[in-house]
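Asks: Here's a structure for you.
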Amino acid sequence: MESSKVIHAFYNDDEILLDAVKAVKAEHHQIEEIFCPFPVHGLDKAMGLAPTRLAITAFFYGCTGLAFAIWMTNYMMIEDWPMDIGGKPSFSWIENMPAFVPIMFELTVFFAAHLMVITFYMRSRIWPFKEAENPDPRTTDDHFLMEIPVKDNVEELTALLTKTGAVEINVVDKH
Amino acid sequence: MSHYESPIREPLVLGDKTYHDITEDIVKPIEGKANKNWYIAFYISLAAMLWGFGCIFYTVGTGIGVWGLNKNIGWAWDITNFVWWVGIGHAGTLISAVLLLFRQKWRMAINRSAEAMTIFAVFQAGLFPIIHMGRPWNAYWVLPLPNQFGSLWVNFNSPLLWDVFAISTYLSVSLVFWWTGLLPDFAMIRDRAVKPFQKKIYALLSFGWSGRAKDWQRFEEVSLVLAGLATPLVLSVHTIVSMDFATSINPGWHSTIFPPYFVAGAIFSGFAMVQTLLGIMRKVTNLEDYITRMHIEYMNIVIILTGGIVAVAYATEFFIAWYTGSPYENYTYLSVGAATGPYAWAFYSLLFFNILTPQLLWFKKIRRSFMWTFVISIAINIGMWFERFDIIAIVLSKGHLPSTWWRFEPTFVDVGIFIGTIGFFFVLFLLYARTFPVIAQAEVKTILKSSGEFYKKRSEQGIPTKPAIVLLNNDTMEINPDNNKKE
């Protein structure tokens with residue numbers, strides 16, 4: 001089971017890490033994962049991660065919220081139970097619409113914000129009672145951990161990672 | 001990657017700090033024991049809170065008649081306190097969302113606590129309309145739920161219902177924004193916790209945050225989009241609160257400048273409350289290196305600006321009330337009638353606390369002084385309370401019919417509930433300060449190299465922020481040995 005072995009290389013500086021990622025990438029090694037204590041700008045590009053589409057989902061969730069608000073105000077105020085409130089037009093949604101703008105706005109924001117965050121939690125697999133998966137507790141403090149799968153190139157990888165400034169290199173069995 | 005920042009900018013993190021030092025500084029209040037002052041403050045707040053709860057039970061059990069309301073002034077302290085607390089909440093979202101969009105790095109030291117303040121303040125605000133219903137167990141009737149009252153729906157034409165939607169959206173979105181930002185910091189505490197129970201709790205709170213590169217990419221995008229959504233949201237909330245008044249046809253309330261002026265007033269009072277809280281917190285939690293004189297000064301500048309907007313709005317209201325020549329306008333809250341009538345003391349308190357006192361902040365010495373800032377922030381809190389009291393009690397005390405003129409006198413229950421909410425607020429904030437990471441440490445770490453005092457000084461001398469690489473076999477590469485901060 002050679003393929004289930006991974007190298008855990010620790011770095012203690014974001015700039016050294018970023019250069020290391022570029023060096024490892026240049027040697028055409030696959031970086032499985034990097035655990036960071038804080039966001040490192042440019043890391044996703046250096047690793048070759050695709051941009052996230054969460055903002056796009058937020059836009060569509062917002063549209064859903066707006067549509068829901070329009071449907072709800074129309075159904076409740078115009079269709080199901082029209083009432084004469086201060087002479088406001090209860091027979092036509094579009095004529096009564098200015099009074100519904102705050103509701104339409106709030107529901108747009110409500111849907112966009114909450115559904116986007118729920119999508120984020122689902123996609124990143126974070127929710128209450130979820131077990132954390134960072135392999136070392138130092139990665140939430142001041143260490144960065146680069147995980148690289150090894151085949152039969154342990155020495156070569158170790159030498160490369162050492163040269164890029166890793167402060168600790170461990171070969172571990174994954175699972 | 002460049003961590004360069006202009007040397008003109010003052011450092012945001014003082015002292016010679018590493019990433020690990022930031023971790024240590026921020027968990028210290030959580031892992032350590034509370035001191036005597038914390039317990040004194042906590043028990044006083046708890047007593048006030050319990051007193052307030054007693055008054056709430058008395059109100060609910062006996063009826064709203066135990067308040068000082070009368071047929072003319074149908075809401076007074078309850079709505080005053082509601083608007084006051086909602087307003088205080090606004091600074092938190094402003095700091096975390098608006099300043100994020102403007103890329104203001106100084107927000108990072110204060111956004112966590114300011115958002116906590118927002119959430120706790122909105123809790124207090126929400127209590128008042130619910131108690132004022134008299135039958136709080138029916139509070140869910142404000143929601144558009146299918147029901148058996150002849151399919152009776154809520155009235156979407158009413159600004160009071162807009163308020164329900166605005167406040168609940170605001171509270172829930174602020175909570176989610178705050179919690180998402182907290183996840184990496186809870187994870188940090190979880191990973192270093194020694195006691196098993198503590199580890200369990202923080203593991204639960206951190207939702208299993210692992211800090212993968214992809215998670216961080218999403219985290220940053222979500223923060224940015226939430227900030228973009230929360231910015232118009234926060235402006236809409238106090239706009240809608242002001243419409244509770246502005247859409248009515250009472251002289252003094254029916255005013256088109258209410259929405260922008262209420263929003264400015266909300267930010268004004270919210271920043272004052274942040275100053276009050278952080279002025280104490282930075283001392284108690286030994287976070288003086290993170291919440292610096294410069295943070296205080298920047299917030300004071302925001303206070304001068306928003307306070308100026310409020311002052312101009314007051315002047316406009318006063319002028320317009322006079323200029324109409326209408327006798328009914330002569331008893332709005334900013335008018336000659338108010339200045340000479342039975343509520344003159346409230347009128348002058350408003351001017352003194354809200355207009356005169358904040359002008360001291362024009363002096364650089366004063367706005368950079370912790371003591372003065374604290375005193376002025378308390379004055380603004382009082383002044384903003386008077387603003388809402390004046391708008392409500394003075395305007396309602398003299399309506400169109402002289403035979404209905406009546407004044408409002410609070411009972412001990414009115415006072416008790418108000419004091420109770422202040423106690424409740426501080427109970428929540430004190431518990432928060434002992435158990436939550438009060439500074440967004442992950443975010444502060446990202447600006448350490450660009451805005452930390454140590455790195456800024458070195459950058460000025462031309463030393464790069466990137467340390468020299470130390471090889472594992474102790475054979476240091478001789479690129480720039482001076483770069484290693486600590487030997």
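Asks: Quick test of your reading of the structure: B:SER210 fulfils all but one of (1) closer than 19 Å to B:ALA114 by Cβ; (2) touching a strand residue (DSSP E or B) at 6+ places or on another chain (Cβ under 8 Å). Name the failing condition by number.
Replies: Answer for B:SER210: the failing condition is (1).
Asks: Look through B:TRP153, B:TRP209, B:TRP216, B:TRP162 and report the one residue that is at pLDDT 90 or above, surrounded by 16 or more Cβ atoms within 10 Å (Cβ to Cβ), part of a loop (DSSP other than H, G, I, E, B) and within 9 Å of chain A (Cβ to nearest Cβ).
Replies: Checking each option against the conditions leaves just B:TRP209.
Asks: Six or more apart or on different chains, Cβ under 8 Å: which pairs go from a residue in the range B:424-447 that's away from every other protein chain (no Cβ under 14 Å) to one that's outside any helix (DSSP H, G or I)? Could you list them?
Replies: Matching pairs, first to second residue: B:TYR432/B:VAL438; B:ALA433/B:THR285; B:ARG434/B:ALA34; B:VAL438/B:THR285; B:VAL438/B:LEU287.
Asks: Just need a number here: residues in the range A:129-150 that are in contact with a helix residue (DSSP H, G or I) (Cβ under 6 Å, 6 or more places away or on another chain) and facing chain B (nearest Cβ under 7 Å).
Replies: Counting residues in the range A:129-150 that are in contact with a helix residue (DSSP H, G or I) (Cβ under 6 Å, 6 or more places away or on another chain) and facing chain B (nearest Cβ under 7 Å) gives 4.
So that you can scan it fast, the table gives a plain yes or no per residue for (1) assigned to a loop (DSSP other than H, G, I, E, B); (2) within 18 Å of B:LEU472 (Cα to Cα); (3) touching a residue at least 24 places away in the same chain (Cβ under 8 Å); (4) more than 7 Å from every other protein chain (Cβ to nearest Cβ):
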residue: A:VAL117; (1), (2), (3), (4): no, no, no, no
residue: A:MET122; (1), (2), (3), (4): no, no, no, yes
residue: A:ARG125; (1), (2), (3), (4): yes, no, no, yes
residue: A:LEU161; (1), (2), (3), (4): no, yes, yes, yes
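Asks: I need the full set of residues from the range A:37-46 which are facing chain B (nearest Cβ under 7 Å) and crowded, with 20+ Cβ neighbours inside 10 Å, in order please.
Replies: Result: A:PRO37, A:PHE38, A:PRO39, A:LEU43, A:ASP44.
Asks: From the list B:ALA230, B:ALA246, exactly one residue is among the aliphatic types (A, V, I, L, M) and either more than 17 Å from the chain's Cα centre (by Cα) or over 30 Å from A:HIS41 (Cβ atoms) (or both). Which is it?
Replies: The match here is B:ALA246.
Asks: Moving on. Within the range B:191-205, can you find the residues that are within 7 Å of another protein chain (Cβ to nearest Cβ) and crowded, with 19+ Cβ neighbours inside 10 Å?
Replies: Those that are within 7 Å of another protein chain (Cβ to nearest Cβ) and crowded, with 19+ Cβ neighbours inside 10 Å: B:ASP191, B:ALA203.
Asks: Could you figure out which of (1) surrounded by fewer than 23 Cβ atoms within 10 Å (Cβ to Cβ); (2) touching a residue at least 24 places away in the same chain (Cβ under 8 Å); (3) more than 9 Å from every other protein chain (Cβ to nearest Cβ) isn't true of B:SER174?
Replies: If we test B:SER174 against (1) surrounded by fewer than 23 Cβ atoms within 10 Å (Cβ to Cβ); (2) touching a residue at least 24 places away in the same chain (Cβ under 8 Å); (3) more than 9 Å from every other protein chain (Cβ to nearest Cβ), just (1) comes out false.
Asks: On the given criteria, is B:MET294 more than 10 Å from every other protein chain (Cβ to nearest Cβ), under 25 Å from B:ASP25 (Cα atoms) and touching an Asp or Glu at 6+ places or on another chain (Cβ under 6 Å)?
Replies: So B:MET294 passes the test.
Asks: So, one more: Read through the list (1) hydroxyl-bearing (Ser, Thr, Tyr); (2) within 13 Å of chain A (Cβ to nearest Cβ); (3) surrounded by fewer than 24 Cβ atoms within 10 Å (Cβ to Cβ), then give the number of the only condition that B:TYR140 fails.
Replies: (2)
Asks: Something else: Checking A:ALA67 against (1) out of contact with any strand residue (DSSP E or B) (no Cβ under 7 Å at 6 or more places or on another chain); (2) within 9 Å of chain B (Cβ to nearest Cβ); (3) at pLDDT 90 or above, only one condition comes out false. Which one?
Replies: Among (1) out of contact with any strand residue (DSSP E or B) (no Cβ under 7 Å at 6 or more places or on another chain); (2) within 9 Å of chain B (Cβ to nearest Cβ); (3) at pLDDT 90 or above, A:ALA67 violates only (2).
Asks: Within the range B:168-178, identify whether any single residue is of a type outside the set (S, T, N, Q), over 30 Å from B:PHE412 (Cα atoms) and over 17 Å from the mean Cα position of the chain (by Cα), and answer yes or no.
Replies: No, there is no match, as no residue in the range B:168-178 is of a type outside the set (S, T, N, Q), over 30 Å from B:PHE412 (Cα atoms) and over 17 Å from the mean Cα position of the chain (by Cα).
Asks: Which condition does B:PHE318 not pass, out of (1) closer than 19 Å to B:TYR261 by Cα; (2) within 19 Å of the chain's Cα centre (by Cα); (3) hydrophobic (A, V, I, L, M, F, W, C), if it passes all the others?
Replies: Only one criterion in (1) closer than 19 Å to B:TYR261 by Cα; (2) within 19 Å of the chain's Cα centre (by Cα); (3) hydrophobic (A, V, I, L, M, F, W, C) is unmet by B:PHE318, namely (2).
Asks: Among the candidates A:ILE31, A:ILE16, A:ILE56, single out the residue that is more than 30 Å from A:ASN153 (Cα to Cα) and of a type in the set (Val, Ile, Thr).
Replies: Testing whether each residue is more than 30 Å from A:ASN153 (Cα to Cα) and of a type in the set (Val, Ile, Thr) leaves just A:ILE56.
Asks: Can you find even one residue in the range B:379-401 that is among the β-branched types (Val, Ile, Thr) and over 23 Å from B:VAL86 (Cα atoms)?
Replies: In the first step, residues of the range B:379-401 are kept if they are among the β-branched types (Val, Ile, Thr); the result is B:380, B:382, B:391-392, B:394-395.
Filter again for over 23 Å from B:VAL86 (Cα atoms), leaving none.
Looking through the range B:379-401, none of the residues is among the β-branched types (Val, Ile, Thr) and over 23 Å from B:VAL86 (Cα atoms).
Asks: While we're here: Residues in the range B:219-242 that are facing chain A (nearest Cβ under 8 Å) and either not polar (S, T, N, Q) or not in a helix (DSSP H, G or I) (or both): how many?
Replies: 12
Asks: Okay, next question. Using the structure shown, decide if B:ILE382 is touching a Gly at 6+ places or on another chain (Cβ under 8 Å) and surrounded by fewer than 22 Cβ atoms within 10 Å (Cβ to Cβ).
Replies: no
Asks: What tally of residues in the range A:47-61 results from selecting those that are more than 7 Å from every other protein chain (Cβ to nearest Cβ) and either hydrophobic (A, V, I, L, M, F, W, C) or in contact with a Phe, Trp or Tyr (Cβ under 7 Å, 6 or more places away or on another chain) (or both)? Steps first, please.
Replies: First, the residues of the range A:47-61 that are more than 7 Å from every other protein chain (Cβ to nearest Cβ): A:48, A:50-51, A:53, A:56-57, A:59-61.
Subsequent filtering for residues that are either hydrophobic (A, V, I, L, M, F, W, C) or in contact with a Phe, Trp or Tyr (Cβ under 7 Å, 6 or more places away or on another chain) (or both) retains A:50, A:56, A:59-61.
Matching residues across the range A:47-61 total 5.
Asks: If you check B:ASN147 against the conditions, is it within 9 Å of chain A (Cβ to nearest Cβ) and outside any helix (DSSP H, G or I)?
Replies: When the stated conditions are applied, B:ASN147 does not pass them.
Asks: While we're here: Please go through the range A:19-36 and give me each residue that is touching a strand residue (DSSP E or B) at 6+ places or on another chain (Cβ under 9 Å) and either hydrophobic (A, V, I, L, M, F, W, C) or in a strand (DSSP E or B) (or both), ordered by number.
Replies: A:ALA20, A:VAL21, A:VAL24, A:ILE31, A:GLU33, A:ILE34, A:PHE35, A:CYS36
Asks: Considering each residue of the range A:118-128, count those that are under 18 Å from B:LEU204 (Cα atoms) and in contact with a helix residue (DSSP H, G or I) (Cβ under 8 Å, 6 or more places away or on another chain), and give that number.
Replies: Total meeting the criteria: 5.
Asks: Checking the structure you have, find out if any residue of the range B:81-99 is more than 16 Å from the chain's Cα centre (by Cα), aliphatic (A, V, I, L, M) and at pLDDT 85 or above.
Replies: The initial filter retains those residues of the range B:81-99 that are more than 16 Å from the chain's Cα centre (by Cα), namely none.
The answer is no; no qualifying residue exists.
Asks: Sticking with this structure for a sec: Return yes when B:ILE280 is part of a helix (DSSP H, G or I), aliphatic (A, V, I, L, M), at pLDDT 90 or above and within 30 Å of B:ARG368 (Cα to Cα) and no when it is not.
Replies: For B:ILE280, the condition - part of a helix (DSSP H, G or I), aliphatic (A, V, I, L, M), at pLDDT 90 or above and within 30 Å of B:ARG368 (Cα to Cα) - is not met.
Asks: Being in a helix (DSSP H, G or I), surrounded by fewer than 20 Cβ atoms within 10 Å (Cβ to Cβ) and either of a type in the set (A, V, I, L, M, F, W, C) or more than 14 Å from chain A (Cβ to nearest Cβ) (or both) is the filter here, so list the residues in the range B:247-263 that pass it. Quick ask: steps written out before the conclusion?
Replies: First pass over the range B:247-263, keeping only residues in a helix (DSSP H, G or I): B:258-263.
Applying the additional criterion that residues be surrounded by fewer than 20 Cβ atoms within 10 Å (Cβ to Cβ) yields B:259-260.
B:PRO260, the sole residue that qualifies.
Asks: Moving to a separate point now. Filtering the range B:89-127 down to residues that are in contact (Cβ under 8 Å) with a residue 60 or more places away in the chain and among the aromatic types (Phe, Trp, Tyr), which residue is surrounded by the most Cβ atoms within 10 Å (Cβ to Cβ)?
Replies: Residue satisfying both the conditions and the ranking: B:PHE120.
Asks: Mind listing whichever residues of the range B:298-353 are outside any helix (DSSP H, G or I) and either at pLDDT 90 or above or within 20 Å of B:THR80 (Cβ to Cβ) (or both)?
Replies: Once the filter is applied, which keeps residues that are outside any helix (DSSP H, G or I) and either at pLDDT 90 or above or within 20 Å of B:THR80 (Cβ to Cβ) (or both), the range B:298-353 yields B:THR332, B:TYR333, B:LEU334, B:SER335, B:GLY341, B:PRO342, B:TYR343.
Asks: While we're on this one: If you go through the range A:68-87, how many residues are under 18 Å from B:LEU152 (Cβ atoms) and buried (at least 16 other Cβ atoms within 10 Å of the Cβ)?
Replies: The qualifying residues number 6.
The values are calculated or read from the model by the stated rules, or taken from the named source; none is laboratory data. None of the values given here were measured: they were computed from a predicted structure. No Cβ is skipped: glycine too gets one built from the backbone with ideal geometry, and neighbour counts run over all protein chains shown.
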